[in-house]
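Below is one structure, written out as structure tokens; the observations come after it.
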Amino acid sequence: MKLKILVVDDEPQIRKQLKIGLNGHGYEVITASNGLDAITLAAQQAPGIIILDISLGSEPDGIEVCKRLREWSNTPIIMLSVHDEEKTKVTALAVGADDYLTKPFGMEELNARILAILRRTSGEPSAAQKSELRVGDLHIDLAKRIVHVEGEQVHLTPKEYELLRLLATHPGKVMTHRAILGAVWGPEYGDMDHYVRVFVNQLRKKLRENPARNVRYILNEPGVGYRFVAIE
Amino acid sequence: MYSRRAIVAYVLAVVSVIGLTLIQLPLRDLFTIANVTMVFLLLVVIMAVTRGTGPAFVTAFASFVSINYFFVQPLHTLLVADPREVLDLIVFLVVAAIAGRLGARARQQARTAQQRAHEQSILYALTRALNQLTSETEIYATLTRLMCDDLGAVKADLLPFTTEAAADDLTTHYLLLQTSEHVYGTLRVAFRSSLEEPRLDLLNTCAVQAAMALQRIELAERARKSQQFEEADRLKTALLHAVSHDLRTPITIIKTSASNLRQFGDTLPATERVEIAETIESEADQLDRLVGNLLDMSRLKAGALRLSTGLNSLEEVAGDVAARAWQLHKQERVKIVFPDDMPLVNFDYGLLLQALTNLVDNSIRYEPPESAVEIRGEVAGKEILLKVVNHGETISPEMKVQIMEPFYRGREGRIGLGLPIAQGIIEAHHGKLRIEDTPGGGATFVIVLPAQEKKYLETQDSGG
């Protein structure tokens, strides 16, 4: 059965192109032009994923719709935003959105996000349940807590390993600074974002990332947090 | 109605005559009538000079009566025995009247001159004060202060008046603060007594001076605004120019590509269709970048750039820029060189990413194909340096200034917004952007940012 996707955007041409693109990727698409229709459709049609524009040009806006949906629904939500909206992105994640995408974006990018969400929510064993992970030259043995890069074992401190494990077991998912701090350091470290930055920096060096050659495992989400690359 | 001072003067006139009479009475057998009248005449002149015409006349008349009653035979009557003494008395009265009149006039003139001098000094002080003021409220404050302190007003306030109508026992004047083309306001001044003509003139002159000062401020403000408008206008013209040239190009490419796909999509080979679609995508990206830059530029120019700063890693920014360069060029055009102990710095991630992207994009354009642009992080005392090192041609000193100008067009005729935007963003962070020569040829952009205090940067890997 095809996965049903609800697209919510006030711009008809964007609805149309998203519908064409998503149909092309093999999904069934239903659309809504405002927040109230979106909530009704989500209740009646039970879509598998909701793609929701943050600024709908009418009340309720995307953030509010997301909040209301989360009162009764666990359906994954991908928010669409524009540049300069870092705070809004963090808000969207805080009210229950699963991911966001910045306009303008390509259809491949959107599909990659959808696939990442499906992998995380589907019945097949998720990254968290596997005993080992492999991305490019990086190999993580979760059972033995051993990390190899380019075939060589890398020594990580316990915090560095915790950080890597947290990110790597949520591939393709954006993790906010706060969520990372809470999980690795504990909730009392609430706003010490720079701890995360310093450790991510150290970790990247040990993982021998080289952005200039596109060797990256941990991606920056400016003003929001980090995202581990999607594992195919 | 007589003022208190006038009544005092008249009383003084009478009292002084009585006093002088009492002093001379014991001596009246020694003095001749001429002696007595001379002494009284002196009193009349003194009264005229110090107290004015009225008191002088009263003194003269009282003296006349006193002489007649106490000093002229027969004593203690107003009769005069010797007809020659009648002549003496009449001459005394006439001389006293004339002397009184002359004295009083001299006194009046001295007073007027003094008052003029006082008024001149008030006006001079006011003009000098007004010339140094730069705001309307200061001018109004100075004017009302002057009215109360120097001109003896009880109250002075501006329309709209804050207090109710002036009390009945006060004389109120309304001064219009106006120039030939504009009325700036109305000043209400209340005095205890009504004003004489010269005082009123002075009041009006002050009002005119204040109005002129208000006009001067208004004109200066207008000049400043029009200069601002001119600046904004120049930017707008340049922006419109840029929009028509640089935005139209990608739009044209997108439009022709799309119409080609629509018309010939069925007959074109698959590879060519993909190529056309890729062109549309990359031109859309180019358009997105341009719009972003134009937005940033106008925000910078309008001073509307809001920073959301936090402790961030410059190496992360460099990584994002390098990864983007790889995606654009599909080869290693950038090399990142950072020390292990590079500290975090306080900055707005998105904006600095934009600034560094612009600098690196520009540097890659002039980088020889066999080498790579370096992004270097360095610590220099209390400053953090982020260098973008290019190995192309060295730029002349004049060019270093030119390329920082908005809308400067480089040798590829591209719209020059990247560098001035980078500079604007860095300056908004209290940093500096320098252009240095790369040893061996090329240009090095140096971003200088203030370092953070160490205490914010401590992190402990407690688990060991």
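Okay, here's what the table says:
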read-out: Pairs, first closer than 25 Å to residue A:139 by Cα and outside the structural domain of residue A:99 (by TED's automatic domain parsing) in segment A:168-195, second surrounded by fewer than 16 Cβ atoms within 10 Å (Cβ to Cβ) and of a type in the set (Asp, Glu), C-beta under 9 Å, six or more apart; value: A:177/A:191; A:181/A:191
read-out: Residue within segment A:34-49 that is within 25 Å of residue A:227 (Cα to Cα), in the same structural domain as residue A:107 (by TED's automatic domain parsing) and not in a loop (DSSP other than H, G, I, E, B) present; value: yes
read-out: Selected residue (criterion: farthest from the other protein chains (Cβ to nearest Cβ)) from residues of segment A:72-97 that are among the β-branched types (Val, Ile, Thr) and within 25 Å of residue A:122 (Cβ to Cβ); value: A:75
read-out: Scan of segment A:68-88 for residues that are of a type in the set (A, V, I, L, M) and without any contact (Cβ under 8 Å) to a residue 40 or more places away in the chain, ordered by number; value: A:69, A:77, A:78, A:79, A:82
read-out: Set B:81, B:106, B:110, B:125: member being without any contact (Cβ under 8 Å) to a residue 40 or more places away in the chain, surrounded by fewer than 17 Cβ atoms within 10 Å (Cβ to Cβ), closer than 20 Å to residue B:5 by Cα and aliphatic (A, V, I, L, M); value: B:110
read-out: Residues of segment A:56-75 that turn out to be in a loop (DSSP other than H, G, I, E, B), farther than 16 Å from residue A:18 by Cβ and touching a Gly at 6+ places or on another chain (Cβ under 8 Å), as a count; value: 5
read-out: Leading residue by the ranking (surrounded by the fewest Cβ atoms within 10 Å (Cβ to Cβ)) among those in segment B:350-382 that are under 42 Å from the mean Cα position of the chain (by Cα) and within 14 Å of chain A (Cβ to nearest Cβ); value: B:350
read-out: Residue that is within 14 Å of chain B (Cβ to nearest Cβ) and charged (D, E, K, R), where the choices are A:162, A:150, A:132; value: A:162
read-out: Count - residues of segment A:200-226 that are more than 21 Å from the chain's Cα centre (by Cα) and in contact (Cβ under 8 Å) with a residue 24 or more places away in the chain; value: 4
read-out: Segment B:279-330: number of residues that are within 43 Å of the chain's Cα centre (by Cα), more than 8 Å from chain A (Cβ to nearest Cβ) and among the hydroxyl-bearing types (Ser, Thr, Tyr); value: 2
read-out: Residue within segment B:367-375 that is farther than 22 Å from residue A:221 by Cβ and polar (S, T, N, Q) present; value: yes
read-out: Checklist (1) away from chain B (no Cβ under 11 Å); (2) closer than 18 Å to residue B:320 by Cα applied to residue A:219, failing item; value: (1)
read-out: Qualifying strands (runs of 3 or more DSSP E) (wholly inside segment A:139-232; at least 1 residues being modelled with pLDDT of 90 or more and closer than 22 Å to residue B:322 by Cα); value: A:146-149, A:174-176, A:218-221, A:225-228
read-out: Test: residue in segment A:56-72 that is surrounded by 14 or more Cβ atoms within 10 Å (Cβ to Cβ) and out of contact with any helix residue (DSSP H, G or I) (no Cβ under 8 Å at 6 or more places or on another chain); value: yes
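The values are calculated or read from the model by the stated rules, or taken from the named source; none is laboratory data. These numbers come from a predicted model, not from an experiment. Neighbour counts are summed over all protein chains in view; Cβ atoms, including those assigned to glycine, are modelled from backbone coordinates with ideal geometry.
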